[in-house]
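The values are calculated or read from the model by the stated rules, or taken from the named source; none is laboratory data. Small disclaimer: the values here were computed from a predicted structure and weren't measured. Here Cβ is always computed from backbone atoms with ideal geometry, including for glycine, and neighbour counts include all displayed protein chains. In case anyone asks, the SASA skips ligands and DNA or RNA and just uses the protein heavy atoms, side chains included. Shrake-Rupley method; radii C 1.70, N 1.55, O 1.52, S 1.80 Å.
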Amino acid sequence: MTEDILEIIGTAVAAADPFDSTAKIISDLGLCVKGTLAVMSIGKAAVPMARAAQSVLGTKIDMGLVVTKYEHAKSYSSSVFEIIEAAHPVSDENSILAAERGLEIAGELGEDDILLVLLSGGGSALFEKSFVSPEKQRSITGKLLARGADIDEMNAVRRRLSLVKGGRLAAAAYPAKVITVALSDVLGNDKSVIASGVTVPEPLSGEQVRAVIRKYLPEEEETLAPFLARDTDVKINDGGYYFAGNVELLCSAAEKKAVQLGYTVREVSCSLCGEARDAAKVLIERALKQRGKNAWIYGGETTVTLRGTGLGGRNQEMALCAATLLKGKKGIVFASVGSDGTDGPTDAAGGFADGKTFSKIQSGSVDPVAALANNDSYHALKAGGALIVTGPTGTNVNDLTVVLTDF
């Protein structure tokens, strides 16, 4: 069953590769450019999306920029695209450099020009220039992460503090036409949340953002108040917004593979959210009530409220929680991964657990219960041989959680 669950996950992630879908969208657009064509590819899937653009447009591309996470472009070189790797989930100096370069390119464009923007998850951190100092911006992002803010809430705050988010990159290119192709990593495919909406206007009022700040950053409310009054009305020459993939594609591919492997799929949902360990408990309790050879498939993105000082990510936290709940049980396996191949500030995509994982972690001289309390899922799962390590996958369409049973 462990082999099956890893095969299901691998098949699903491969199906979410954005190269073919991005190439098809660009080809169907049939771009006719009178002036300059600039292409920016931003996010964890920036490299395959840039390759897709180049495969279709070739020498039509006059200026190109790829912005992605460290180690995601190590095997990629291009005479067309300038490549900048930066930090995620908290921005660094290269994130600022990338945003500055993006604004420079956008600012050079005129009425007869086109800016093609290829977006994928991670763009919010990788491409950032803020009104506040870099130290303040990183502090705010870190606090939001640690206090359990979801991606919608995080990006609501990020947009208000940014010179590129909330449509400001597209505004910098005006009057050039801006076309967006996005690989969605957010529930509901909200355009303003994907990479914090660098090509779409801010949808929230200052009071709506203030509510998020009061919830997670009460100590910053007075400091951030001036930014809530910022004018969010930007002028954009919108040439269209197209989706190259999303979590529904990920879940559909997982469902198909599970059926091929002989499992009855009891539930498919693309809206998993909430606290990671709470979500894992609910899913396992649900699976244990149904006898037979069954599968449950969930896409989405949970959160972790940090209570300890350990290392891990939301998918690993789910897997470690599952290990404590499945101790000694037979005929059930749980796995959760980030489709991009990374989970939190670790080299793992996620983890898995079955009835033996708890004891294996103990055999590795780690207390699973204490590790969970300390948010130290990475070291616990590593001790139990239960990490899933894929390396960068070239896609990013939310997380995938699978539960298999056979009893």
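Values computed for the structure shown
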read-out	value
Amide H within-cut-off set for residue 242, under 5 Å, with H built and near neighbours excluded	180, 181, 182
For residue 303, residues with placed amide H under 5 Å, excluding near neighbours	274, 275, 276
Solvent-accessible area per residue, Å², over the chain with all protein chains present [probe radius 1.4 Å]	39
Extension reserve of the residue 235-residue 100 stretch, reckoned as 0.36 nm per residue once the Cα distance is removed	46.7 nm
Segments 152-158, 341-347 sorted - mean Cβ within 10 Å per residue, highest first	152-158, 341-347
The stretch 260-363: Rg to Rh, with Rh as the Kirkwood radius over Cα pairs	0.96
Full-extension gain in nm, residue 259 to residue 71, via 0.36 nm per residue minus C-alpha separation	64.2 nm
3J(HN,Hα) from dihedral phi, the stretch 265-270, Karplus parametrisation 6.51/-1.76/1.60, rounded to Hz, x for glycine, proline	7, 8, 7, 10, 9, 10
Proximal charge balance of residue 102 [Cβ under 14 Å; K/R count +1, D/E count -1]	-1
Packing rank of 386-399, 208-221, where each peptide gets the mean count of other beta carbons within 10 Å, highest leading	386-399, 208-221
Förster radius 22 Å - calculated FRET efficiency between residue 189 and residue 389 (Cβ-Cβ, nearest 0.05)	0.15
Rounded to the nearest 10 Å², the accessible area of residue 81 at probe 1.4 Å	10
Compactness of the stretch 168-251 as Cα Rg over 2.2 N^0.38 Å, two decimals	1.29
Estimated 222 nm signal from helices in the chain, with DSSP H stretches of n ≥ 4 weighted -39500 (n - 2.57), rounded to 500	-12000 deg cm²/dmol
Per-pair calculated FRET efficiency, R0 = 51 Å: residue 291 and residue 59 via Cβ, rounded to 0.05	0.25
For residue 281, solvent-accessible area (1.4 Å; no DNA, RNA or ligand), Å²	100
Heavy-atom accessible surface of the chain: percent carbon and sulfur, 1.4 Å	49
